[in-house]
Amino acid sequence: MISPSSSWLIWPIIVPLLGAVLCFLAGKPPRRTGLLFAVLTGGASLVLGWQVLARGIESHALGAWRPPLGISLRADGAAALMVTMTAVTGLAVSIYSGGYFQSRLTGDDRDRRRLAQEQYFWPLWLLLWGALNGLFLSGDVFNIYICLELVALSSVGLTALSGKPPSLVAAMRYLLVSLLGSLSFLLGVGFFYKTCSTLELAAIIGALAPTPPMIMALALVSAGLLLKTALFPFHFWLPPAHANALSPVSAILSGLVIKGTWYLFYRFWQEEILLAAVGALPAILGGGAIIWGAFQAFSQQRLKMLVAYSTVAQIGYLFVAFPLLADPAGMGGPALFYFAISHSFAKGAMFLAAGTFLLQMGHDRIDDLAGVRQILPVSSFAFALGGLSLMGLPPSGGFIAKYLYVTTAITQGRWWLALLVVLGSGLTAAYVFRAVAAILSPRLLEERPQLAVAASMQWSALALALMAMLLGIVATLPLALLGVK
Amino acid sequence: MTAVNAFDILLCLTLIWLAWQVLASRDPFRAVVLFISFGMLMALGWVRLQAPDLALAEAAIGSGLTGALFLSALRKVTGTKKDERRLDRDEEAQ
Amino acid sequence: MKKGGKGRTPRDNRGWRLLPVMALLLLFLAALARAYLFPGASAAGLAARVDASLAAGGVGSRVTAVLLNFRAYDTLLECFVLLLGVMVVWSLWRPDGAKSREPAAGAILASLERLLVPLMIMVGSYLLWAGSDRAGGAFQAGAILGGAGVLLLLDSSPLLKVFPKRGLVPGLCLGPLFFLSVGIAAMAWGGNFLEYRSPEASLIIIALEGAAAFSIGLCLAALFGGRPPERQAEDGRDQPSRNQGEFR
């Protein structure tokens with residue numbers, strides 16, 4: 001059953017689900033169980049990534065019923081890459097969370113609420129992880145809908161966990177937007193089934209044609225996914241939700257959750273007929289997001305709010321390059337995925353580091369953070385490294401991604417796109433510098449407060465930032481994995 | 001045949017009207033009660049569409065349990081006095 | 001506590017925020033209108049395939065065969081959705097919120113409970129059983145059971161004491177956990193995840209449905225209760241006399 005030779009396709013989904021139930025069953029905050037299952041999930045995901053790299057596409061017919069009757073799981077290079085990305089970011093966030101919840105305990109009567117938060121954090125987070133893996137690996141559109149529901153509901157629960165009024169409001173808005181997106185997706189799935197008589201994702205994508213029912217179905221599915229991915233102008237719910245959540249949750253939401261719906265969008269839109277017809281649409285919205293998000297990020301006063309608006313801008317990059325997918329040399333897909341992974345690592349590291357500042361200083365006002373590097377040198381370094389990758393400076397994953405964007409755009413003669421990417425990088429540099437200048441400022445703190453945060457919080461953020469850097473140096477491995485088709 | 005058709009049309013119109021009334025209602029209690037009746041009629045609609053499984057689920061969950069949940073939520077919201085509705089702020093933002 | 005510049009309040013630009021949502025709703029309307037006006041060549045669906053595999057599936061009802069065999073993985077995840085709902089509701093519960101008024105326990109409600117609850121349990125069990133060859137099944141049965149639970153919760157009926165307090169969380173987890181173990185056991189037997197075929201399938205499906213219906217009913221009642229059971233550490237503060245009603 002579990003041997004290196006059999007397919008590990010099912011385990012990255014089953015293990016976290018099992019862990020979530022066991023965490024929920026535990027009477028007290030299940031930190032150990034949670035961490036154990038996070039490590040197991042991460043391990044299973046990495047094994048799957050290695051299997052796909054070594055042996056090619058993996059698939060598993062659930063219940064041994066083949067599609068279209070049954071559901072099958074399928075891992076090609078892109079899916080395995082996303083699962084691996086989730087494993088890396090997820091592991092770092094889990095280790096961070098262990099230290100985070102430990103550090104927040106102060107021994108007074110507010111600890112009961114903090115313990116209650118931790119008690120629900122672990123099962124919700126593991127369920128979310130399992131659902132994301134399920135989303136990446138599923139080969140069936142209706143099953144994807146259920147995974148989307150699981151992802152959305154657990155994200156809403158995690159967002160509301162902090163209990164602050166703004167985050168409760170944000171979580172409610174997130175829930176409503178998400179439900180609307182799901183409904184739209186489901187209606188589209190209904191149309192697909194009616195037209196194609198199957199729910200198998202690959203068969204539906206293969207049958208995409210410019211006939212009215214298919215266009216309608218695709219429009220509904222795409223609108224739902226865009227709403228859930230928070231692409232401009234559907235972004236309004238994202239910044240408050242991401243910024244007001246508990247810090248590990250912010251990293252999860254920005255680093256992982258939006259990638260799930262983006263990945264699905266990519267699955268539907270990678271076909272060339274579609275790109276030729278309306279490929280400019282996601283690109284235009286993406287361009288809007290890059291510029292609008294960057295300006296908003298620059299004008300924020302709070303660090304987590306800045307990082308959250310930066311996510312709005314970076315989502316733009318995930319969509320702006322869709323016309324490039326029609327590249328004959330096939331470099332469009334790698335560029336997009338490279339961007340997605342390095343954003344996940346860099347943004348995760350930045351949110352984790354910002355959360356460490358917040359916990360240590362008791363606030364995250366950018367202008368008052370000067371001097372924080374004295375007490376939190378590792379976190380400050382992690383934040384700066386994450387910022388470097390976001391700007392796209394070498395040697396980082398962000399640099400490789402943007403290099404691929406620009407070169408592919410130029411070879412295709414899409415000068416405006418290359419220009420937009422460069423302009424966006426300038427804007428990113430502006431807001432990242434604003435934050436980094438405060439954090440690394442040589443000013444001294446008047447009094448040096450006691451270190452209040454666990455070392456694991458600092459080092460996990462740094463590890464994630466270093467992964468973003470590593471992506472810039474070892475580009476062959478992810479690209480080889482992505483090449484498995 | 002025509003009687004059946006007339007019934008279906010009437011059912012559809014009533015459903016749309018009820019849905020509108022639920023949305024337009026200013027009084028939440030009234031909206032909840034209308035929502036429950038909407039669920040019941042919707043279950044009837046599923047029966048007409050020959051989906052008895054759905055009809056059962058709609059009547060039990062869509063109308064009964066959801067209605068009970070709404071009513072209980074409504075009682076909690078209206079039963080909280082203004083000064084009692086104190087949401088605790090998170091310690092991080094001190 | 002000083003105000004750090006917080007995000008812009010949602011009020012000042014609510015109007016344009018609704019625009020994309022309205023556009024989406026218009027799209028829904030257009031899609032449905034088009035489907036109604038131009039039904040087109042309706043595809044055959046999968047009914048024929050379902051019928052062809054029904055014998056191997058182990059149950060007579062198409063719906064049950066799809067939900068608990070052909071697409072059992074979907075149902076497994078749906079069970080998790082419900083469990084997740086309870087987790088989220090419980091995580092939102094605040095101990096220091098206003099104590100909700102206890103409704104007066106009326107004699108009518110009490111006698112209604114004595115009459116209806118056994119009936120509902122019976123109807124629920126019947127639906128579970130009937131699901132194998134006609135309308136009914138785990139979700140419907142669970143919903144009826146949940147309804148019975150809600151009825152009991154309405155006035156913290158003493159009948160709730162029948163259900164042990166410590167059994168609540170394990171009861172909620174029973175369905176999803178059993179589903180997962182069946183799936184993994186099928187792999188241990190050398191099959192695929194959740195693989196079971198005709199002679200054993202009917203028994204497995206009934207067992208799955210029973211566990212799922214029980215947990216679904218409990219989940220729905222717990223959603224209505226809205227309150228997690230107290231943990232050992234906190235027990236000292238609340239009256240220990242109230243039984244399962246404490247999660248209302």
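In region A:154-173, the residues that are more than 9 Å from chain C (Cβ to nearest Cβ) and more than 18 Å from residue A:127 (Cα to Cα) form no Cβ pair under 6 Å with any partner that is among the charged types (D, E, K, R) and surrounded by 24 or more Cβ atoms within 10 Å (Cβ to Cβ), whether six or more places apart or across chains. Of everything listed in (1) surrounded by fewer than 21 Cβ atoms within 10 Å (Cβ to Cβ); (2) away from chain A (no Cβ under 12 Å); (3) modelled with pLDDT of 85 or more, the single unmet condition for residue C:221 is (1).
Within region C:189-200, residues that are within 7 Å of chain A (Cβ to nearest Cβ) sit with their Cβ atoms under 9 Å from residues that are in a helix (DSSP H, G or I) and hydroxyl-bearing (Ser, Thr, Tyr), at 6+ positions apart or across chains, in these pairs: C:193/C:73; C:194/C:73.
Checking each residue in region A:189-199 for being part of a helix (DSSP H, G or I) and more than 8 Å from chain C (Cβ to nearest Cβ) picks out A:189, A:190, A:192. If you go through region A:429-468 and keep only what is basic (Lys, Arg) and open to solvent by 80 Å² or more (accessible area, probe 1.4 Å), you end up with A:443, A:448. The residues listed here are C:62, C:71, C:34, C:49; of these, the one that is modelled with pLDDT of 80 or more, within 8 Å of chain A (Cβ to nearest Cβ), open to solvent by 60 Å² or more (accessible area, probe 1.4 Å) and more than 30 Å from residue A:117 (Cβ to Cβ) is C:49. Against the definition (buried (at least 18 other Cβ atoms within 10 Å of the Cβ) and either out of contact with any His (no Cβ under 6 Å at 6 or more places or on another chain) or hydroxyl-bearing (Ser, Thr, Tyr) (or both)), how does residue C:182 come out, yes or no? In short, yes.
Checking each residue in region B:49-94 for being in a loop (DSSP other than H, G, I, E, B) and either of a type outside the set (Val, Ile, Thr) or at pLDDT 85 or above (or both) picks out B:49, B:50, B:51, B:81, B:85, B:86, B:87, B:88, B:89, B:90, B:94. Taking the residues in region A:364-401 that are out of contact with any strand residue (DSSP E or B) (no Cβ under 9 Å at 6 or more places or on another chain) and more than 22 Å from residue A:463 (Cα to Cα) as candidates, determine which candidate is surrounded by the most Cβ atoms within 10 Å (Cβ to Cβ). The qualifying residue surrounded by the most Cβ atoms within 10 Å (Cβ to Cβ) is A:369.
For residue C:174, state whether it is open to solvent by 10 Å² or more (accessible area, probe 1.4 Å), under 14 Å from the mean Cα position of the chain (by Cα) and at pLDDT 80 or above. So residue C:174 fits the description; yes.
Can you say whether residue A:280 is over 15 Å from the mean Cα position of the chain (by Cα) and either at pLDDT 90 or above or closer than 23 Å to residue A:465 by Cβ (or both), as far as the supplied structure shows? Answer is no for this residue.
Within region A:190-237, can you find the residues that are of a type in the set (A, V, I, L, M) and in contact with a strand residue (DSSP E or B) (Cβ under 8 Å, 6 or more places away or on another chain)? Those that are of a type in the set (A, V, I, L, M) and in contact with a strand residue (DSSP E or B) (Cβ under 8 Å, 6 or more places away or on another chain): A:199, A:201, A:202. Among the residues of region A:430-473, the ones that are part of a loop (DSSP other than H, G, I, E, B) and either more than 22 Å from residue A:99 (Cα to Cα) or not assigned by TED's automatic domain parsing to the domain that holds residue A:344 (or both) come to 8 in all.
Filtered by the rule that a residue be within 14 Å of another protein chain (Cβ to nearest Cβ) and over 17 Å from residue A:131 (Cα atoms), region A:30-59 gives A:30, A:33, A:58, A:59. Flag: residue A:69 matches the condition of being in contact with a Lys or Arg (Cβ under 9 Å, 6 or more places away or on another chain), of a type in the set (A, V, I, L, M, F, W, C) and assigned by TED's automatic domain parsing to the domain that holds residue A:123.
Considering C:168, C:128, C:159, the condition of being in a helix (DSSP H, G or I), more than 9 Å from chain B (Cβ to nearest Cβ) and under 15 Å from residue C:64 (Cα atoms) is satisfied by C:128 alone.
Across region A:177-188, the qualifying residues are those that are more than 9 Å from chain C (Cβ to nearest Cβ) and surrounded by fewer than 22 Cβ atoms within 10 Å (Cβ to Cβ), and the one among them that is farthest from the chain's Cα centre (by Cα) is A:186.
Residues are listed down the side, and each one gets a yes or a no for (1) among the aromatic types (Phe, Trp, Tyr); (2) within 14 Å of another protein chain (Cβ to nearest Cβ); (3) on the phi < 0 side of the Ramachandran plot:
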| site | (1), (2), (3) |
| --- | --- |
| A:359 | no, yes, yes |
| A:367 | no, yes, yes |
| A:377 | no, no, yes |
| A:381 | yes, no, yes |
| A:417 | no, no, yes |
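Looking across region A:404-424, the residues that are touching a residue at least 60 places away in the same chain (Cβ under 8 Å), β-branched (Val, Ile, Thr) and closer than 15 Å to residue A:339 by Cα come down to A:407, A:408, A:421. When residue C:138 is tested against the conditions (1) over 17 Å from residue C:225 (Cβ atoms); (2) open to solvent by 20 Å² or more (accessible area, probe 1.4 Å), the lone failure is (2). Checking the stated criteria, residue C:98 turns out to be among the aliphatic types (A, V, I, L, M), touching a Ser or Thr at 6+ places or on another chain (Cβ under 6 Å) and either at pLDDT 90 or above or more than 30 Å from residue C:57 (Cβ to Cβ) (or both). State which residue is surrounded by the fewest Cβ atoms within 10 Å (Cβ to Cβ) when the search covers only region A:33-72 and only residues that are among the small types (Gly, Ala, Ser) and under 24 Å from residue A:22 (Cα atoms). This residue is A:43.
Residue A:266 fulfils the conditions (1) buried (at least 24 other Cβ atoms within 10 Å of the Cβ); (2) assigned to a helix (DSSP H, G or I) except for a single criterion, (1). The single condition among (1) in contact (Cβ under 8 Å) with a residue 60 or more places away in the chain; (2) touching a Phe, Trp or Tyr at 6+ places or on another chain (Cβ under 9 Å); (3) surrounded by 24 or more Cβ atoms within 10 Å (Cβ to Cβ) that residue A:346 does not meet is (2).
The values are calculated or read from the model by the stated rules, or taken from the named source; none is laboratory data. Everything numeric in this text was worked out from a predicted model, so none of it was measured. Cβ atoms come from the backbone with ideal geometry, glycine included; neighbour counts cover every protein chain shown. SASA here: full protein model, heavy atoms, side chains in, ligands and nucleic acids out. Shrake-Rupley method; radii C 1.70, N 1.55, O 1.52, S 1.80 Å.
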